[in-house]
Each structure stands twice: as structure tokens, then as C-alpha cells.
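Written out below as C-alpha cells is the structure these notes cover.
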Amino acid sequence: MGQKVTDQVAEMRSLPAGIDQRSPARHPDWLGPDDLALKIEEIREATNWEIPIQLKLGAARVYDDVRMAAKCGPDSIYIDGMEGSTGAGPHIATEDTGVPGIAAIRQARRAIDELGLRGKISLVYAGGIRNGGDVAKALALGADAIAIGHSVMMALNCNKEIPESDFEAEIGVPAGRCYHCHTGRCPVGVATQDPELRKRLDPDEAAERVYNFLHTLTLEAQMLARACGKTDIHSLEPEDLAALTMEASAMAQVPLAGTDHTVGVANYHKLG
Ligand code: SF4
């Protein structure tokens, strides 16, 4: 919205100040994988082959999508699982679309490995990562790295009532149910260009909270790797996992706890 394109934003993004901007849901200059491969080459040339190129995909038809994406030659593929959130998307899009991370990571890993691209294209998973346990499980299922969005926003104070804020009065919903990033009226000063609201965020204190969160996340993931007898979190593997429900077993393709049965996979542990 034009009201968010302040002079500062206009300068950073080469836009006219105060004018609404179109934000298309897709890139109009590519229609399929062939165009995408050309676009990646074009960006590589424009950035002098110095900047890694990442393709970010919503987790949907993961196996097919990742196979196609991998053939386009990115440096990494980023899968956004169903648990991922947004500060401004339509409610129905966040609640009723997507595939859970435990299923998406396994399918994406298989797609990359079958093309012989393990180690050449990194697999990054994002969506609902809140603690070191989530990190360890994502890596064990096959992610090379994880990305974090909303939980770091929380560390910045997103959706938290602070002394200066009044969520009910200012945006009409209690703290914890905000999702008003697109309005520019963020009560905690995180997602806003309003100079008065921005004063509610102290960048130094916020940076310390984010540091504490990331540091704790790392220590927790390391602890779980050690508990599995690993010296490196990247040595975690599906064999370190057990599923607690039939559904989890089927989606993650790991055995049901206390059995050697992986739901939906006949003789899985006798293969190979
Ligand atoms: S407007 Fe602010 S508090 Fe509300 S969801 Fe966005 S970042 Fe969080």
C-alpha cells in the first residue's frame, strides 16, 4: 500500500514514494521449468556468479515440484511446510493449504537424491520450527538446513502485549491473534514504517532476544544429536527417529515406535 512506501522505503526499493505497488503472486516472465532455468542463468550472470540462488517452494506436490526445481539448477531448494505462518496472508491460505514438514522433507530429499544431486543442491526446510527438537527432527528427516521466520518474529515481540501497546484498542484483536503486518499498524513496532510505532522496538534489546533464541535452539539441537550418539547434528538420520502415530509413520516413513513396521511401506526394513 502507498502508505507503507515512505521516502526511506522508496529510496531502498527504487519506487515512487506514496504510490500503491502491485505485488504479483507469480513471476509474469516465466511459465514453467524451462523459463525458470533461463531466469536462474540470467540472475547468475547479473550477480557475477557470486550469489547463491535459492528456489523457495510451498510444500504441495513436493516430489514432482522438487524434481523440476532441481533440474533448473539452483544452489538450494527451500521448502515451506504447512506449519509455516504469515503475518498477513488470508486465513484460508494458512489453515487449509500445504503439506506437513515431516512428509515434505522426506519427499524433497528423495527427489534430490534420485537425481544424484545430494551435496550439490542444499535442501532447506522452513515451517513451524520453534525449538531445537524441531531442528533436530528436520535434519534427521533429510534437511541440510532449516530456516526460521515466525518464531524469530516472536523473539522480536510480535504478538506480545508490551507496556506501550494495547492490541485490543489499536487493532481490535488481542495479542496473540494479530496478523496485521500488512496494515502498517504493528502495535510492537516490528512491521511498520510509522516513526512513532517504530519507537516501540528497541533494536539492541530485540537483537539480544533473537540471539538468545537462536543460541538456545542450537544448544538444544546439539543436545539431541549427542543423545543419539552423534558428534555432528548433520549426522542425524531417519534411523534416529520413531513415529508415535500411524499417520506420522506413513508421512515420515519411519517405523512406528516399538515395531519394525513403517506404515505404507512393505518390508521397508528388509529392503536393500
Ligand atoms: S503487526 Fe506486528 S504484532 Fe501483529 S503480527 Fe505483524 S509483526 Fe506481529
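For region 175-183, indicate whether the set of residues that are of a type in the set (F, W, Y), in a helix (DSSP H, G or I) and within 15 Å of the ligand (Cβ to nearest atom) is non-empty.
no
If only one of R177, R118 is basic (K, R) and under 21 Å from P90 (Cβ atoms), which one is it?
Sole residue among the options that is basic (K, R) and under 21 Å from P90 (Cβ atoms): R177.
Among the residues of region 48-57, is there at least one that is more than 30 Å from H180 (Cα to Cα), in a helix (DSSP H, G or I) and of a type in the set (D, E)?
no
Looking at region 152-173, can you tell me whether even one residue there is more than 16 Å from the ligand (Cβ to nearest atom), closer than 26 Å to F213 by Cα and surrounded by fewer than 18 Cβ atoms within 10 Å (Cβ to Cβ)?
no
Go through region 89-125 and report how many residues are crowded, with 18+ Cβ neighbours inside 10 Å, out of contact with any strand residue (DSSP E or B) (no Cβ under 8 Å at 6 or more places or on another chain) and outside any loop (DSSP other than H, G, I, E, B).
Looking only at that region, the number is 5.
Pick from region 41-66 the residues that are of a type in the set (V, I, T) and under 21 Å from the mean Cα position of the chain (by Cα): which of them is surrounded by the fewest Cβ atoms within 10 Å (Cβ to Cβ)?
I51
Is it the case that A221 is within 17 Å of I148 (Cβ to Cβ), away from the ligand (no atom under 14 Å from the Cβ) and free of Cβ contacts under 8 Å to residues at least 12 places away in the same chain?
no
Every number here is computed from the coordinates shown, using simple stated rules; none is lab data. Keep in mind that this is a model prediction, so the values were computed, not measured. Note that we place each Cβ from the backbone using ideal geometry, even for glycine, and neighbour counts take in every protein chain shown.
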